[in-house]
Amino acid sequence: MLPRNSLMAVSVAAMLLAGPAFGHAKLLRTLPAADAQLPAAPPSLTLTFNESVRLAVLTLTADGKTIPVTVDRSLPPGPQVSVPLPALTAGKYQVQWSALSAADGHVTKGTFSFVIAGAEAAPAASPR
């Protein structure tokens, strides 16, 4: 049986060595920002993390319809990921994303939305 001091030293060493494995990539900010009200469509979508990641999935939807976006999976991992967006019209958009931590392979995922404001529809002309 190990003496109590040896057991304590082994336990502390195991926790210190395992420490980084408990850290997951965290989303720090997005551009456009979550819940942003934009006057015009953004040219791209940027996600910034606290560590290097590889974007696994990014889905953009509006009114229940998926809008195709291209994720370049050949890029090396990095703390910031940008995806060009197609021309977007006025409406509310939801972004679902999933990223793999380059450090430990853990998956982090989340959602956020933003709104592109548009000119209000002109009232229909009344028949005379």
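Read-outs throughout are calculated quantities, based only on the coordinates presented, and are distinct from any laboratory measurement. All values derive from a computational prediction rather than experimental measurement. Neighbour counts are summed over all protein chains in view; Cβ atoms, including those assigned to glycine, are modelled from backbone coordinates with ideal geometry.
The residues listed here are A62, A40; of these, the one that is surrounded by fewer than 14 Cβ atoms within 10 Å (Cβ to Cβ), closer than 14 Å to Y93 by Cβ and more than 15 Å from the chain's Cα centre (by Cα) is A40. For L75, indicate whether it is without any contact (Cβ under 8 Å) to a residue 40 or more places away in the chain and either closer than 18 Å to F49 by Cα or within 11 Å of the chain's Cα centre (by Cα) (or both). Yes: the conditions hold for L75. Restricted to strands (runs of 3 or more DSSP E) entirely inside the range 45-108, those with at least 3 residues that are within 17 Å of K26 (Cα to Cα) and small (G, A, S) are 91-101.
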